[in-house]
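For reference, the structure is listed below as structure tokens.
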Amino acid sequence: MDEYGNTGEGRAARRDEAVRAAVEQGLLGPDSPIVGLLDVTGIRESAAELRAAFAEVTAPGTPVLHAFAVKATPLVPVLRLLREEGIGAEVASPGELALARAAGVAPAETVLDSPAKTPVELREALALGIAVNADNPQELDRIDGLMRSAVSRSPLGIRVNPQVGGGSIGATSTATATSKFGVALRDEGAREWVVRAYLDRPWLSRLHAHTGSQGIPFPLMAQGVAETYALAEEINRRIGRPQIDTIDIGGGLPVNFASEVTAPTYAEYARALREAVPGLFDGRYGLVTEFGRSLLAKHGTIVARVEYAKSAGGRAVAVTHAGVQVATRTVYVPGSWPLRISAYDGKGRPKSGPEVVQDVAGPACFAGDLLAEGRALPLLDQGDYAAALDTGAYYFAHHYAYNSLARPGIYGFVPDRAGGARFATVRDPQTLASIVAESGGAHAGALTTLHTPGSR
């Protein structure tokens, strides 16, 4: 049990009830063989834990904005739920900004980060008053031009890369020596350029860095925050006044995918930061965080029907409807992104019995489409269900249209008083007509009208 009561046992019990109820209510079955489930109770609890963790370590009255990284779960109802729980939005594209606005997230609670912002994106953000972190000198030049043409209420800052190193997953490490993000502080002349940028622009009031990601240890995350804080102190000292009033420390708290336990917790991280960077929490700086995976991962489950149970080379193979289209990272890089799998019977009840080493395969037409390989589970039979756990972030909301497989329906749930679950639709299952439309169905004859000159 973690210190705020969001227990792994509680999550597991709610999940079991929801899987059974989904089968009983027809959300899961032969004609709807895959769904994504979101635990609304768990999401609310995680949001409360985040707010409480930083309230515990910051001076009274310190402005703190927790902005959910929309890329982690880009679903409008999720953003609306988080907004209700006091969480804003960190967006990194026009699409993500549109989702945040559709969810009712206010501009003052929105932060725009992206390494490739266009002039149109920047102009819109500045017109709305959305906070913007410039990624590089060329982007800052664009902002200069926009600020000359129209005054903006947007809080503006620069993203820096403290270059403290990477973690165990290179592809998601953001503070390496050659990371594409931010101004690389240890490159020759870069630190002085950043300082001069603030000296020349009184309207720059924020400083941003994002060191965390899955596979990054606490000490490295804290070091990245500490170096960003030290730079803010240096800039304000050089200017002679507290021009930088807010530090955006990013997010990237790792998630424990090995068990039900929430580890590390937000409270542990906040205390570690206070110990490493006490000045950050004394009230002189406002804070922005950008957590994503850690808020949602533990509260999502992919449940897929076993269409066929077979064997190959002496190993059992359960062929399900969940694979690369909903668990792309796990299928392509299983060593870095393994998932726990739970077995349920045809009525949605947890399956018991002797564990058998087996593969849990997906529906896509390539051999590596496996949710789990050589996993010991109660033997999955035809008509049973396999559940991929901890998939609330970066999984079923990020559809990969291999084999033109349809996007699954997504449903949020809360327990009901009868020991089951009540559901609300988050995203409808994709129809075949939609697949055809997205694949150019309205332009079926377009290429047949084009002819090389002289060919006819």
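Just one of the numbered conditions (1) at pLDDT 95 or above; (2) out of contact with any helix residue (DSSP H, G or I) (no Cβ under 8 Å at 6 or more places or on another chain); (3) of a type in the set (A, V, I, L, M, F, W, C) is not true of A388; which one?
(2)
Check whether at least one residue in segment 63-81 is in contact with a helix residue (DSSP H, G or I) (Cβ under 7 Å, 6 or more places away or on another chain), among the basic types (K, R), under 29 Å from V303 (Cα atoms) and in contact (Cβ under 8 Å) with a residue 40 or more places away in the chain, and report yes or no.
yes
Quick one: how many residues across segment 289-337 are part of a loop (DSSP other than H, G, I, E, B) and farther than 18 Å from G252 by Cα?
The total comes to 12.
Output the residues belonging to segment 238-288 that are within 18 Å of the chain's Cα centre (by Cα), part of a strand (DSSP E or B) and hydrophobic (A, V, I, L, M, F, W, C).
V288 - this is the single residue of segment 238-288 that is within 18 Å of the chain's Cα centre (by Cα), part of a strand (DSSP E or B) and hydrophobic (A, V, I, L, M, F, W, C).
Kindly indicate which of A67, A106, A116, A98 is among the small types (G, A, S), under 30 Å from A270 (Cα atoms) and out of contact with any Gly (no Cβ under 7 Å at 6 or more places or on another chain).
A106
Is it true that some residue in segment 435-443 is in contact (Cβ under 8 Å) with a residue 60 or more places away in the chain and assigned to a loop (DSSP other than H, G, I, E, B)?
No, segment 435-443 contains no residue that is in contact (Cβ under 8 Å) with a residue 60 or more places away in the chain and assigned to a loop (DSSP other than H, G, I, E, B).
When the residues of segment 59-79 are filtered to those that are closer than 27 Å to V277 by Cα and part of a loop (DSSP other than H, G, I, E, B), which remaining residue is nearest to the chain's Cα centre (by Cα)?
It comes out as P63.
Residues that are touching a Lys or Arg at 6+ places or on another chain (Cβ under 7 Å), outside the structural domain of A276 (by TED's automatic domain parsing) and modelled with pLDDT of 95 or more: does segment 18-25 have at least one?
Scanning segment 18-25, I find at least one residue that is touching a Lys or Arg at 6+ places or on another chain (Cβ under 7 Å), outside the structural domain of A276 (by TED's automatic domain parsing) and modelled with pLDDT of 95 or more, so the answer is yes.
Is it the case that G353 is small (G, A, S), outside any helix (DSSP H, G or I) and free of Cβ contacts under 8 Å to residues at least 40 places away in the same chain?
yes
Name the residue that is surrounded by the fewest Cβ atoms within 10 Å (Cβ to Cβ), counting only residues in segment 125-138 that are assigned to a helix (DSSP H, G or I) and touching a strand residue (DSSP E or B) at 6+ places or on another chain (Cβ under 9 Å).
The extreme case among them is P137.
The values are calculated or read from the model by the stated rules, or taken from the named source; none is laboratory data. It should be emphasised that the depicted structure is a prediction, and the values quoted were computed from it without experimental measurement. Positions of Cβ are backbone-derived with ideal geometry, glycine not excepted, and every protein chain shown enters the neighbour counts.
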